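Asker: Mind looking over this structure? Questions follow.
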Amino acid sequence: MIQLSAAGKRFGPKLLFENCDWLITPRDRVGLVGANGTGKTTLLKTLARLEPLDYGEISFAKGVTAGYLPQDGLSLSGRTVMAECMSVFGDLLSMELEMETLMEKMGEIDPAGPEYEAVADRFHAIDTEFQHRDGYSLEAQVGMVLGGLGFPPSDWHRRTEEFSGGWQMRLALAKLLLEKPNLLLLDEPTNHLDLEARNWLEEYLHDYPHACVLISHDRFFLDVTVKKMVEIWNQKVHFYTGNYEKYLKEKTERRAQIEAAYQNQKERVEQLEVFINRFRYTATKAKQVQSRIKELERMERIEIPKEEKAIHFKFPQPKPSGRHVVEFHRVAKSYGPKTVFREVSFIIERGDRVALVGVNGAGKSTLIKLLAGEEPVTAGEIKLGHNVEADYFAQDQYKALDPEARLLDDLTRAAPSAQSTQTELRGLLGCFLFTEDDVFKRIRVLSGGERNRYALARMLLHPSNFLLLDEPTNHLDLRAKDVLLESLEKYTGTVVFVSHDRYFIDKLATRVFEIGNGEVNVFPGNYEDYLWRKSGKEIDLTLPGLPDLVGERVGSRHKQHVEPAPPPPEPTHASKAKKVNPLRLQQMKDRCREIEEQVARLEAEIEGYGQESAHFKNAEESVRLANLIEKGREEIARLMREWEETSKVVEEQEEGLGAGD
């Protein structure tokens with residue numbers, strides 16, 4: 001369909017890639033990856049015929065159409081949302097108008113005359129093609145796409161200029177999907193989508209009838225939508241079969257093979273050079289020496305490309321808070337006549353990592369602002385726990401930064417001097433895409449996305465014990481997301497976050513708060529577990545001896561506590577045969593490991609409190625330390641009960657699997 005031969009492209013003096021040979025076939029599903037600045041977007045624009053090649057050739061099969069969606073910058077105006085989407089069917093709408101004209105004409109002329117027959121034939125021909133191209137379902141198609149991308153029917157007749165930039169990009173994506181070009185070229189299509197719209201797009205692309213090449217920093221999205229990976233690395237274009245997960249595995253295997261071949265060649269070169277140097281001036285060995293010299297000259301030397309250095313940044317851990325970090329008691333929030341929350345009650349405990357999910361406008365950012373104290377409640381009470389210190393990262397966090405400060409200087413001032421060297425700070429900036437001379441830029445010259453990236457890196461230096469993160473993964477590439485994810489996984493405090501990155505949520509969340517219709521429903525586990533429960537399959541998880549793991553589905557109205565599970569019946573043959581979902585079983589194993597880590601951490605804290613209490617200061621301090629020790633022991637006892645119940649279920653399931661084998 002499209003073929004690149006020895007293709008190469010420069011950006012000014014910088015070579016992006018060269019010698020690229022690539023054939024795109026009609027049903028390809030390709031993910032395009034590479035570090036920022038390697039030329040991914042440029043290659044996408046080349047396929048869209050928006051940029052020429054500097055070297056080589058690109059050829060298109062006859063009739064190929066390419067549709068390109070940039071990361072941002074598109075703006076639509078002058079029509080309603082529905083009219084804007086319907087405009088992509090210009091030729092079909094013209095056919096519909098012609099059919100209406102022909103029908104009127106047939107009603108005016110004599111049915112027995114030759115003119116009527118000619119008009120009827122024309123009408124029949126157009127009507128056949130119109131039906132073949134689904135012309136009678138245009139509005140249904142538009143409604144399906146708009147609904148999938150998050151536009152409610154009440155928005156379909158609003159003017160496009162009334163929408164923000166993110167919604168404008170959604171509308172541009174809707175138009176592109178409705179056009180159905182032979183080659184769909186998407187540059188970060190999930191940037192402006194919430195989880196529900198992202199999930200819908202994932203399914204849509206799965207059934208898309210033509211080829212698709214996309215750039216995305218969402219691992220899960222790549223894993224479920226593409227079947228090939230193309231990586232721009234070291235000024236070359238490399239091809240892999242499979243999704244993103246397989247690409248990572250194959251890339252590691254390829255590098256291991258190259259390193260092994262390099263080592264073998266290196267040993268052979270050393271052998272040849274030793275022989276040549278030893279017998280260079282020996283007449284009887286002249287022929288063998290010349291043979292080995294020629295072998296060296298013919299040898300194509302293997303080079304190991306430089307690997308990006310992995311960055312692992314350690315930041316100071318916060319001081320522990322009380323067990324209950326925050327309590328919502330019948331909280332309501334309204335903006336004028338609009339009700340966002342009504343009578344919401346829940347508790348967030350120390351160590352929770354809570355993901356907030358829900359459609360755009362449901363109230364995720366409002367809930368985070370309530371937790372941060374940025375917004376007052378309309379009714380009810382929010383109570384912060386003992387020693388809780390909240391740190392709020394807003395979507396426009398960059399507004400709080402000093403615009404005249406240089407990045408490295410500002411980061412150095414913010415960093416704990418004893419724990420962060422200049423090398424570590426530059427490494428952290430590099431993770432968030434500030435490299436080389438970028439670290440000396442002043443904050444005022446950065447774009448909004450760059451400032452938010454920097455604000456996030458800055459916050460990692462001295463986190464409080466209660467982090468509130470509103471879309472921290474925006475504007476981050478895969479490498480920066482990995483650094484953030486690793487940092488938060490090692491973080492011992494409490495996190496509440498909003499993200500539209502499915503992989504990030506699945507790896508980080510221990511609870512999911514679903515927000516919608518003025519309520520907050522609480523689900524234990526990550527996003528995968530949340531979807532499982534939403535699908536109505538909780539029955540597979542309700543095993544005897546597991547009340548803490550399966551009973552937590554807390555609504556927001558007067559449901560602050562979960563009712564205890566009834567006593568388990570005596571085990572029967574049938575109940576023993578019941579199986580847990582394999583995903584849930586793995587999560588239970590992970591939970592056992594988490595409990596073991598929590599118990600170890602609590603034991604260390606109790607030991608520390610004991611050492612403090614050995615040095616008497618005053619009666620109040622002694623009582624406080626004694627209370628902390630007692631609470632710690634109670635928490636350990638509770639965790640050990642949960643560990644025993646969970647590990648028992650895991651053992652029974654694994655024994656059942658072994659017996660089944």
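Asker: Can you name the condition, by its number, that Leu193 falls short on among (1) free of Cβ contacts under 8 Å to residues at least 40 places away in the same chain; (2) under 23 Å from Val224 (Cα atoms); (3) not acidic (Asp, Glu)?
Answerer: Result: Leu193 passes all but (1).
Asker: Any residue at all in region 4-17 that's crowded, with 17+ Cβ neighbours inside 10 Å and within 23 Å of Leu149 (Cα to Cα)?
Answerer: No, every residue in region 4-17 fails to be crowded, with 17+ Cβ neighbours inside 10 Å and within 23 Å of Leu149 (Cα to Cα).
Asker: Does Glu84 fit the bill of being part of a loop (DSSP other than H, G, I, E, B), touching a residue at least 24 places away in the same chain (Cβ under 8 Å), among the acidic types (Asp, Glu) and closer than 20 Å to Pro181 by Cα?
Answerer: When the stated conditions are applied, Glu84 does not pass them.
Asker: Does Gly56 satisfy the condition of being under 27 Å from the mean Cα position of the chain (by Cα) and on the phi > 0 side of the Ramachandran plot?
Answerer: No: the conditions fail for Gly56.
Asker: If I filter region 200-236 down to residues being among the charged types (D, E, K, R) and not in a strand (DSSP E or B), which single residue comes out as surrounded by the most Cβ atoms within 10 Å (Cβ to Cβ)? So that I can check it myself, show each step before the final result.
Answerer: Residues of region 200-236 among the charged types (D, E, K, R): 202-203, 207, 218-219, 223, 227-228, 231, 236.
After this cut, where a residue has to be not in a strand (DSSP E or B) as well, the list is 202-203, 207, 218-219, 223, 227.
Values: Glu202: 17, Glu203: 12, Asp207: 6, Asp218: 26, Arg219: 22, Asp223: 18, Lys227: 14.
The qualifying residue surrounded by the most Cβ atoms within 10 Å (Cβ to Cβ) is Asp218.
Asker: Considering each of Ser535, Ser464, Ser499 in turn, give the residue that is within 30 Å of His386 (Cβ to Cβ), among the polar types (S, T, N, Q) and surrounded by fewer than 21 Cβ atoms within 10 Å (Cβ to Cβ). Before you say what the answer is, go through the steps one by one.
Answerer: Working: Ser535 fails: within 30 Å of His386 (Cβ to Cβ); Ser499 fails: surrounded by fewer than 21 Cβ atoms within 10 Å (Cβ to Cβ).
The unique qualifying residue is Ser464.
Asker: Going residue by residue through region 95-115, is there one that turns out to be in a strand (DSSP E or B), touching a residue at least 12 places away in the same chain (Cβ under 8 Å), more than 26 Å from the chain's Cα centre (by Cα) and within 30 Å of Asp155 (Cβ to Cβ)?
Answerer: Within region 95-115 (the criterion being in a strand (DSSP E or B), touching a residue at least 12 places away in the same chain (Cβ under 8 Å), more than 26 Å from the chain's Cα centre (by Cα) and within 30 Å of Asp155 (Cβ to Cβ)), the answer is no, since none of the residues qualifies.
Asker: As an exercise: evaluate Phe341 against (1) touching a Lys or Arg at 6+ places or on another chain (Cβ under 6 Å); (2) in a helix (DSSP H, G or I) and give the number of the one condition it does not meet.
Answerer: (2)
Asker: How do the strands (runs of 3 or more DSSP E) wholly within region 461-543 filter down when requiring 3 or more residues that are in the same structural domain as Leu429 (by TED's automatic domain parsing) and within 15 Å of Phe393 (Cα to Cα): which remain?
Answerer: Those strands (runs of 3 or more DSSP E) span 466-470, 494-498.
Asker: In addition: On the given criteria, is Gly166 of a type in the set (Gly, Ala, Ser) and at positive phi?
Answerer: Considered against the rule, which asks whether it is of a type in the set (Gly, Ala, Ser) and at positive phi, Gly166 comes out as no.
Asker: Which residue, of Val326, Val274, is of a type in the set (A, V, I, L, M) and either over 30 Å from Phe466 (Cβ atoms) or surrounded by fewer than 14 Cβ atoms within 10 Å (Cβ to Cβ) (or both)?
Answerer: On the way: Val326 fails: either over 30 Å from Phe466 (Cβ atoms) or surrounded by fewer than 14 Cβ atoms within 10 Å (Cβ to Cβ) (or both).
Answer to the check: Val274.
Asker: Out of all the residues in region 345-384, which are among the basic types (Lys, Arg) and either touching a strand residue (DSSP E or B) at 6+ places or on another chain (Cβ under 7 Å) or surrounded by 20 or more Cβ atoms within 10 Å (Cβ to Cβ) (or both)?
Answerer: Scanning region 345-384 gives Arg350, Arg353, Lys364, Lys383.
Asker: Is at least one residue of region 346-366 closer than 30 Å to Arg633 by Cα, more than 28 Å from the chain's Cα centre (by Cα), outside any helix (DSSP H, G or I) and outside the structural domain of Glu597 (by TED's automatic domain parsing)?
Answerer: Among the residues of region 346-366, not one is closer than 30 Å to Arg633 by Cα, more than 28 Å from the chain's Cα centre (by Cα), outside any helix (DSSP H, G or I) and outside the structural domain of Glu597 (by TED's automatic domain parsing), which makes the answer no.
Asker: Whether any residue in region 37-55 is among the hydroxyl-bearing types (Ser, Thr, Tyr) and in a loop (DSSP other than H, G, I, E, B) is what I want to check.
Answerer: yes
Asker: Same structure, new question: Which one of these is surrounded by fewer than 17 Cβ atoms within 10 Å (Cβ to Cβ), over 22 Å from Phe497 (Cβ atoms) and either modelled with pLDDT under 75 or aliphatic (A, V, I, L, M) (or both): Ala414, Ala418, Ala400?
Answerer: Details: Ala414 fails: over 22 Å from Phe497 (Cβ atoms); Ala400 fails: over 22 Å from Phe497 (Cβ atoms).
The conditions single out Ala418.
Asker: Take Arg133 and tell me if it is out of contact with any strand residue (DSSP E or B) (no Cβ under 8 Å at 6 or more places or on another chain), free of Cβ contacts under 8 Å to residues at least 40 places away in the same chain and of a type in the set (Lys, Arg).
Answerer: no
Asker: List, please: which pairs have Cβ atoms under 6 Å, are six or more places apart or on different chains, and start with a residue in region 366-383 that is more than 17 Å from Leu356 (Cα to Cα) and end with one that is crowded, with 18+ Cβ neighbours inside 10 Å and among the β-branched types (Val, Ile, Thr)?
Answerer: Sorted first by the residue in region 366-383, then by its partner, the pairs are Val377/Val331; Gly380/Val331.
Asker: Can Ser59 be described as of a type outside the set (A, V, I, L, M, F, W, C), surrounded by 14 or more Cβ atoms within 10 Å (Cβ to Cβ) and not in a loop (DSSP other than H, G, I, E, B)?
Answerer: Against the criterion (of a type outside the set (A, V, I, L, M, F, W, C), surrounded by 14 or more Cβ atoms within 10 Å (Cβ to Cβ) and not in a loop (DSSP other than H, G, I, E, B)), Ser59 does not qualify.
Asker: Return only the number of the condition from (1) at pLDDT 75 or above; (2) more than 30 Å from Lys383 (Cα to Cα); (3) surrounded by fewer than 22 Cβ atoms within 10 Å (Cβ to Cβ) that Tyr491 does not satisfy.
Answerer: Looking at each condition in turn, Tyr491 falls short on (2).
Asker: Any idea which residue in region 442-457 is nearest to Asn36 (Cα to Cα), counting only those that are at pLDDT 75 or above and surrounded by fewer than 16 Cβ atoms within 10 Å (Cβ to Cβ)?
Answerer: Per the criteria, the residue is Val445.
Asker: Tell me the residue from Val119, Val145 that is hydrophobic (A, V, I, L, M, F, W, C), surrounded by 12 or more Cβ atoms within 10 Å (Cβ to Cβ) and touching a residue at least 40 places away in the same chain (Cβ under 8 Å), please.
Answerer: The match here is Val145.
Asker: Still on this model: If Pro318 passes every condition in (1) surrounded by fewer than 21 Cβ atoms within 10 Å (Cβ to Cβ); (2) free of Cβ contacts under 8 Å to residues at least 60 places away in the same chain; (3) touching a Gly at 6+ places or on another chain (Cβ under 6 Å); (4) closer than 24 Å to Thr510 by Cβ but one, which one does it miss?
Answerer: (2)
Asker: Oh, and also: Would you mind telling me which numbered condition in (1) farther than 22 Å from Phe432 by Cα; (2) surrounded by 19 or more Cβ atoms within 10 Å (Cβ to Cβ); (3) of a type in the set (Ser, Thr, Tyr) Thr339 fails?
Answerer: (2)
Asker: Is it the case that some residue within region 205-222 is modelled with pLDDT of 90 or more, of a type in the set (D, E, K, R), in contact with a Ser or Thr (Cβ under 8 Å, 6 or more places away or on another chain) and not assigned by TED's automatic domain parsing to the domain that holds Pro472?
Answerer: no
The values are calculated or read from the model by the stated rules, or taken from the named source; none is laboratory data. Everything numeric in this text was worked out from a predicted model, so none of it was measured. FYI the Cβ positions are ideal-geometry reconstructions off the backbone, even for glycines, and counts take in every protein chain you see.
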